[in-house]
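Here is the structure we will look at, set down as structure tokens.
The values are calculated or read from the model by the stated rules, or taken from the named source; none is laboratory data. On a predicted model such as this, the values are computed, not experimentally measured, just so you know. Heads up, the Cβs are rebuilt from the backbone with ideal geometry, glycines too, and the neighbour counts pull from every protein chain shown. The area values use the complete protein model at the heavy-atom level, side chains included, leaving out ligands, DNA and RNA. Shrake-Rupley method; radii C 1.70, N 1.55, O 1.52, S 1.80 Å.
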Amino acid sequence: MAVQHDDSVVAWYLQGAGDTWPDKAATALTAQIMSSGFFQELRTEQQLGYVVGAVNYPKAEVPGLVLLVQSPVADANAVTTAMRDFMQAVVPGLDEAQFERHKVSLISDILRPDKNLNERAEYYWQSIARKEFDFAGREALAEAVKALTLSDWKAYYDEVFLKQQHSLQVVAPGKWKLLPKGDFRVYDSAEANKSGHATYVID
């Protein structure tokens, strides 16, 4: 993307394998596991920029996550390399106790009571839109997270987020005018990316 700003920006969307509850659980848990470490490594230790984050990002019932860095000191290729290096180090740095703590934290967040009527109404409307007429989506997701073992999650992470990535990088190269290196197609606009596709869902 052509943006009138000196900083480089990489927003990397990584899509889950499918739309089942186990897929949603594994992807949400991946974001939970990566979030604090991603900020610590790329923001605090490497000091790549002030805007650094790894978040759960489901769209149209398909689970996904987004890694985001805005950097005034590194080009987009260096930023993407740092992201890849971090992703490779996630599994070796995770033990059983840490994994269980992440599960407990995520389940607590999923089952957090609505703060007000607006939040409750929004949850009901989203459930209706997803055809979840029993309004039990939160409980189903929490149960799917609870059922995950460390070996299950490691296998999912390795296959879906490391080996067979379904992903999209949105890049603003900034003053360096460099794009990330790799074997992938490059589009110079969202319109170019859409060209040739018959159907898109916009929410």
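When the P(r) of the stretch 142-203 is calculated, the portion above 20 Å amounts to 55% of the C-alpha pairs.
For the stretch 1-109, the pair-distance distribution built from all alpha carbon pairs, in bins 10 Å wide starting at 0, is 14, 42, 33, 10, 1 percent.
Using C-alpha pairs under 8 Å with a sequence gap of at least 6, the mean separation divided by the residue count of the stretch 1-120 gives a relative contact order of 29 percent. Using a simple spin-label model with pseudo-atoms 7 Å out from Cα toward Cβ, TYR124 and ALA89 lie 4.8 nm apart.
Lysine pairs in the chain whose alpha-carbon atoms fall under 26 angstrom of each other, counting only those eight or more residues apart or on distinct chains, come to 29. Per residue, the average separation of C-alpha pairs within less than 8 Å and at least 6 apart gives the chain a relative contact order of 36 percent. How tilted is helix 21-38 with respect to the longest principal axis of the chain? Cα atoms for both, answer in degrees (0 to 90, nearest 10). The answer is roughly 50 degrees. Sorting 94-104, 41-51 by average packing, meaning the other beta carbons within 10 Å per residue, from highest down gives 41-51, 94-104.
The alpha-carbon positions of the stretch 96-170 define a convex hull whose volume is 152 Å³ per residue. Only helices enter the 222 nm calculation for the chain: every DSSP H run of n ≥ 4 contributes -39,500 (n - 2.57), and dividing by all residues gives -13000 deg cm²/dmol, rounded to 500. Springs between alpha-carbon atoms under 10 Å, Gaussian network over the chain: tell me which of GLU143, GLU191, GLU132 tops the mean-square fluctuations. For the chain, modelled as a Gaussian network with Cα springs under 10 Å, the answer is GLU191.
Between helix 96-110 and the chain there is an angle of about 70 degrees, using the helix long axis and the longest principal axis of the Cα atoms.
At 1.4 Å probe size, with every protein chain present, just tell me what the per residue accessible area of the chain comes to in Å².
Per-residue accessible area for the chain comes out at 61 Å².
Say the dipole of the stretch 73-168 comes from +1 at the beta carbon of Lys and Arg and -1 at that of Asp and Glu; which of ALA129, TRP153, LEU141 then lies farthest toward its positive end? Positive-end residue among those listed: ALA129. Its residue count N sets the reference 2.2 N^0.38 Å, and the alpha-carbon radius of gyration of the chain equals 1.10 times that reference.
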